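Colleague: Quick one: the structure is below, and I'll ask about it shortly.
What follows is calculated from the coordinates using simple rules that are stated; it is not laboratory data. Just so we're clear, the structure is a prediction, and the values are computed from it rather than from any experiment. No Cβ is skipped: glycine too gets one built from the backbone with ideal geometry, and neighbour counts run over all protein chains shown.
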Amino acid sequence: MKPDNEISVKNIKKFYDQINDELKNSSELAIDLSGVKRVDLAAVQVIIAAGRKARDMKKVVRLKGVSPELKKLLGLSGIKA
Amino acid sequence: MGETGITEVFLNEAKEILINLESDIVTLEERSEDEDIINQIFRYFHTLKGSSGIAGFTKIYEFTHNLENLFDKVRSGEKSVTADIIDLLLKSLDWIQGELFGDVIDENAEKTKSDIISTINDFLGHETKKGADDSDFLSAVGAYSGVGEDERYFKILIRFKEDIFYSGIDPLMIIEDLSSLGELIDNKVSRNLLPDFDVMDPEKCYLAWEIVLKTTSDEKHVRDVFLFVYEDNEIDIENITEKYHGIQDKKFSSEKRLGELLVDKGVIKSKDLDEIIKMQLQHNSRIGDIIVEKGLASEEEVSEALQEQDKIKKKIEISTVRVDSGRLDNLMNLLGEIVIGQASLHRLADDMDEDKAFSLKNALYGLDRVTREFQEQIMSIRMVPIGGTFDQFRRFVRDTAQNLGKEIKLKIEGGDTELDKTVIEKIGDPLKHMIRNAIDHGIEPAEERRKGGKPSYGTVTLKAYHQEGNVFLDIIDDGRGISLERVRNKAMSLGLITADEEVTKERLLSFLFNPGFSTAEQVGDLSGRGVGMDVVKTNIEELRGAIEIKTREGEGTLVRIKLPLTLAIIEGMLIRIGESILIIPLLSVVETIQIKERDYKTVEGKGELMLVRGEYISLIRLNELFGIQAGNTNPWEALFVIVESDSERIGIMIDELIGQQQIVIKSIDNFITDSRAISGATILGDGRVALIVDIHGLVEEIKY
């Protein structure tokens, strides 16, 4: 999946649903963040929870195209990208 | 939480911030070293940045980030406030305003934005270069890192409330701001409360942080990061510099910590505290929990100390709620319906037998009192200080004066005078027009003023005050005044008066409110087109207000706007003429009288007059004016309500005085009547509609 521009509480439900579908239907969830300029904490929490669920399902979540700016934000929330 | 909700909250907040910022920035130009204003402006930029980010206004977020950076330099004293910076800040506000609230798409907006950002970068860049010779090299080689006396360590525990996103705040942005103060040498993110993916609510906040920050900022700066979340969230900031350096850096600890408070209170000993702090660092527990666990203090003692600590922290008590003004309008409308319902009950009581009527009326008087109090409470919620509106003109006066090459000072008095919110919303444009006139036509150029023995700068004063149940707004300039001769000539050329006609000063000045009347010699960009004063007057009258001008040549002009305190409910006197019931606002009523036949006179050119306490006043037959059926036609058989407007008294002939009651004003469309003598209508207790007489409009209508 390739979200664009920003993932925030504003569109978090859509992002959550997309991840949920991907987790059900694919063996690996790859989130391409190359088009994303900014994420907020709501987005980060969904990514963390998705990672846990994927682990339980013996699947993996991969983050791709993470810009330095995003990397910093994810790092502050405890995600090493 | 939907997209619309966040956007709406953000836009409302942004509108308010932009208004305040504009006023503060113009004030900053005059008081360039006022730390309070500087801090306030910084906080506004900071909030604007944060809120725009969460609401998804990325462009505004990036833009305000630059402004925040620039202003941080001002705040820290690295950059002083100059006229260039003020201009840049004002231009920036215009850009944000256009971007958020502009009606049309500005093709140059992008270029304007880039220009502003590049100028900001120039400012910031120059700053860096300035210091480069003496300090950049040393910084680059790490000469200041890890050894400086000013270096502090803070342990910060952060747990946001679950619904924080609903207040438009992104916790991550706060953590990001915190990290910008220095280095997060430890950052533990607790995911303990994050539920499983399937049961989590993605719009809630679950993560918590335990951070050790290394910074050169003092505790106040660290706390500032949490300025807007301190009250409702668990934020614990502790200066642990001593633990890192073994030096107690007391001069920066602006607040007592829990342990210190307990030592001060004699609950624990200072040697115990050292041990407790060591344990806290090792186990990441709360200091209060350790103290209770070790049996050094009871839970009550710790909680008492925490409360005391909270009191110190709560420098700003937040005891307000933000309410959609539409809800207040609804409340007011509902109250209006209650008032109408009460009037119905009063009417029913009139038709009942005496005993029952007495009991019902007694009960109703009690209800009336509560309703009146209820109304006053709602009115007080709707009241807003005019100061905010006045402050908006600081920028306008500055820009207009600059455009015209005049020196003008704006003086504001009575900014805390409160007016109904609806009046405040509608008064801005008329005020702006008056101020523009004062600057353009009133205030003379500096040279002319000096010749006239005046200071080179002109002063425009905006003044608000309460008087006799009304609010008065004065716009005063110490300029050249209005030339009555020119007004007279213009009035003659327009055929409003004849050459030999004697006209009072008041009437001459009232011509200025006629459409197309201008005495300006030159039509300027700003004013002088003769369009506007009539519109101003109409706007003010729509608010049931009045406007008058007082002037003296060479000395200045005063424009006085009189406005009612409220627009929604008034005390009214119900009168009957023929079959019609009309309402006269009680504020305008002087007395009710009957006259004798000998006191009635008709005078050619002046109409019908009556003698009241030695003074002749005009007699008005509303049935003729409104085209309604008359009752009594002989004045000495009728009753008169004497009313007053602007010191002018008239006697309105009526058949019956029904009584006095609260009146809920309902506006009526222009197509029903364009008479200025009618200001609205109301619904009576029996369901009938009664028109409300506008006494000021009535006097104006019969005068000319």
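Colleague: Which distance in nm do the two modelled labels at B:Ile668 and B:Ser190 give, with both placed 7 Å along the Cα-to-Cβ direction?
Modeller: 6.8
Colleague: Name the long-range amide H neighbours of B:Val590: under 5 Å, sequence gap of 5 or more, or other chain; modelled H, no Pro or chain starts.
Modeller: Those lying under 5 Å, H to H, from B:Val590 are B:Ile642, B:Val643, B:Glu644.
Colleague: Helix B:387-404: angle to the longest alpha-carbon principal axis of chain B, degrees 0 to 90, nearest 10?
Modeller: 90
Colleague: Rounded to the nearest 0.05, what FRET efficiency is calculated for B:Arg613 and B:Gln307 with R0 set to 60 Å and r the Cβ-Cβ distance?
Modeller: The value I calculate is 0.35.
Colleague: Of B:Ser483, B:Leu496, B:Leu410, which is farthest on the positive side of the dipole of the stretch B:383-522, counting Cα position, with +1 on Lys and Arg Cβ, -1 on Asp and Glu Cβ, and the Cα centre as origin?
Modeller: With unit charges placed on the Cβ atoms, the residue in question is B:Leu410.
Colleague: If you average over every viewing direction, what projected area does the convex hull of the Cα atoms of the protein assembly as shown give, in nm²?
Modeller: Over every viewing direction, the Cα hull of the protein assembly as shown projects on average to 49.1 nm².
Colleague: Let me ask something additional. Hull surface divided by four, with the convex hull built on the Cα atoms of chain B: how many nm²?
Modeller: 45.8
Colleague: In nanometres, what is the gap between the two model label sites at B:Leu345 and B:Gln594, each 7 Å from Cα along Cα-to-Cβ?
Modeller: 3.5
Colleague: Multiply the residue gap between B:Glu506 and B:Val535 by 0.36 nm, knock off their C-alpha separation, and tell me the result in nm, one decimal place.
Modeller: 8.5 nm
Colleague: Next question. Per residue of the protein assembly as shown, what 222 nm ellipticity follows from adding -39500 (n - 2.57) for every DSSP H run with n ≥ 4, rounded to the nearest 500?
Modeller: So the calculated ellipticity at 222 nm is -14500 deg cm²/dmol.
Colleague: How large is ³J(HN,Hα) for each residue in the stretch B:437-454, as worked out from phi by the Karplus curve 6.51 cos²θ - 1.76 cosθ + 1.60 (θ = phi - 60°), to whole Hz, x for Gly and Pro?
Modeller: 3J(HN,Hα) across the stretch B:437-454, in whole Hz: 4, 4, 6, 6, 9, x, 5, 7, x, 3, 4, 4, 5, 4, 4, x, x, 9.
Colleague: Could you go through the stretch B:338-353 in sequence order and give the Karplus-derived ³J(HN,Hα) for each residue, using 6.51 cos²θ - 1.76 cosθ + 1.60 with θ = phi - 60°, rounded to whole Hz, and x for Gly and Pro?
Modeller: 4, 4, 5, x, 5, 4, 4, 5, 4, 5, 4, 4, 4, 8, 8, 6
Colleague: Have a look at B:Phe472, A:Ile7, B:Asn333 and report the one farthest towards the positive end of the charge dipole of the protein assembly as shown, computed about the Cα centre with Cβ charges (Lys/Arg +1, Asp/Glu -1).
Modeller: Highest projection toward the positive end goes to A:Ile7.
Colleague: On full extension of the chain, what length is gained from B:Glu275 through B:Thr58, given 0.36 nm per residue of separation minus the C-alpha to C-alpha distance?
Modeller: 73.3 nm
Colleague: Further question on the same structure: Relative to the longest principal Cα axis of chain B, at what angle does helix B:270-283 sit, 0 to 90 degrees, rounded to 10?
Modeller: Taking Cα atoms only, the helix is inclined about 90 degrees.
Colleague: For helix B:533-542, what angle does its Cα long axis make with the longest principal axis of chain B, in degrees from 0 to 90 and rounded to 10?
Modeller: 90
Colleague: If I model a spin label at B:Asn489 and B:Lys161 as a point 7 Å from the Cα along the Cα→Cβ vector, what separation in nanometres do I get?
Modeller: Label-label distance for B:Asn489 and B:Lys161, simple model: 6.9 nm.
Colleague: How far is the Cα center of the stretch B:47-82 from the Cα center of the stretch B:474-494, in Å?
Modeller: 47
Colleague: Which whole-Hz couplings ³J(HN,Hα) result when phi for each residue of the stretch B:209-217 is put into the Karplus expression 6.51 cos²θ - 1.76 cosθ + 1.60, θ = phi - 60°, listed in order with x for Gly and Pro?
Modeller: Taking θ as phi minus 60°, the curve returns 10, 10, 10, 10, 9, 9, 8, 9, 6 Hz for the stretch B:209-217.
Colleague: Please state the charge dipole magnitude for chain A, taken about the Cα centre, from unit charges on C-beta atoms (+1 on K and R, -1 on D and E), reported in debye and rounded to the nearest 20.
Modeller: That gives a dipole near 220 debye.
Colleague: Might you report the magnitude of the Cβ-based charge dipole of the protein assembly as shown about its Cα centre, with Lys and Arg at +1 and Asp and Glu at -1, to the nearest 20 debye?
Modeller: Dipole about the Cα centre, nearest 20: 1180 debye.
Colleague: Which of the pairs B:Lys155/B:Lys294; B:Lys505/B:Lys550; B:Lys426/B:Lys490; A:Lys2/A:Lys37; A:Lys10/B:Lys49; B:Lys451/B:Lys505 have their Cα atoms more than 20 Å apart in this structure?
Modeller: Beyond 20 Å: B:Lys155/B:Lys294; B:Lys426/B:Lys490; B:Lys451/B:Lys505.
Colleague: Same structure again: If you restrict to DSSP beta bridges whose two residues both lie in the protein assembly as shown, what percentage is antiparallel, to the nearest 5?
Modeller: 80
Colleague: So, one more: If I take R0 = 22 Å and measure r between the Cβ atoms of B:Glu701 and B:Glu571 in this structure, what FRET efficiency does the formula 1/(1 + (r/R0)^6) give, to the nearest 0.05?
Modeller: 0.40
Colleague: If you scale each eigenvalue of the Cα gyration tensor by 5 and take the root, what three semi-axes come out for the stretch B:353-476, rounded to whole angstrom and sorted largest first?
Modeller: 48, 13, 10
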